[in-house]
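**Student:** Below are the structure tokens for one structure; questions will follow.
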Amino acid sequence: MFNDIGPLELVTLIVLAVLVFGPDKLPKVIQDVTRTIRKIREFSESAKHDIREELGPEFKDFEFEDLNPKAFIRKQLDNEDLGLKEIRNGFDLKKEMAEVTDAVHSRDSDTSSSGSAGSSGGRIDMTKKPETPDRDDRPPFDADAT
């Protein structure tokens, strides 16, 4: 709850509490605060127990932490019944992306990034260049077009 409070901030809070409540009333205030926190915890635990009893035996493994969407999804993905761990462990995203990249660049997957890829610095020229016809070659003539 207070994981991000540093030592300087803690000392500041203590000094502020002593100034606001005074050294005489501070122990009484601390007792009241701890008693209130204890009562809130007891109330929440009893409410959780009542809800579990009302849900019945079919929800025996229900945890209130599962109501958090991240925790619920993590629990479902770690479930051994679905076999998702084997799928997730068998899938290497970097390898798959390298294979797709090699396929796009029309390279063999075993010679990727190790051999010579041509004189263009490893890049393939994908632009279409018009072929220059020889002097004797005439473009095709379409009699129906004229």
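**Student:** Taking the criterion of being within 26 Å of the chain's Cα centre (by Cα) and open to solvent by less than 70 Å² (accessible area, probe 1.4 Å), would at least one residue in segment 31-41 satisfy it?
**Tutor:** no
**Student:** Against the condition exposed (fewer than 10 other Cβ atoms within 10 Å of the Cβ), at negative phi and modelled with pLDDT of 85 or more, how does G6 come out, does it pass?
**Tutor:** The answer is yes for G6.
The values are calculated or read from the model by the stated rules, or taken from the named source; none is laboratory data. Computed from a predicted model, the values in this text were never measured in an experiment. Reconstructed Cβ throughout: ideal geometry from the backbone, glycine too, with neighbour counts over all protein chains shown. Each accessible area value is taken on the protein alone, full model and side chains, heavy atoms only, with ligands, DNA and RNA left out. Shrake-Rupley method; radii C 1.70, N 1.55, O 1.52, S 1.80 Å.
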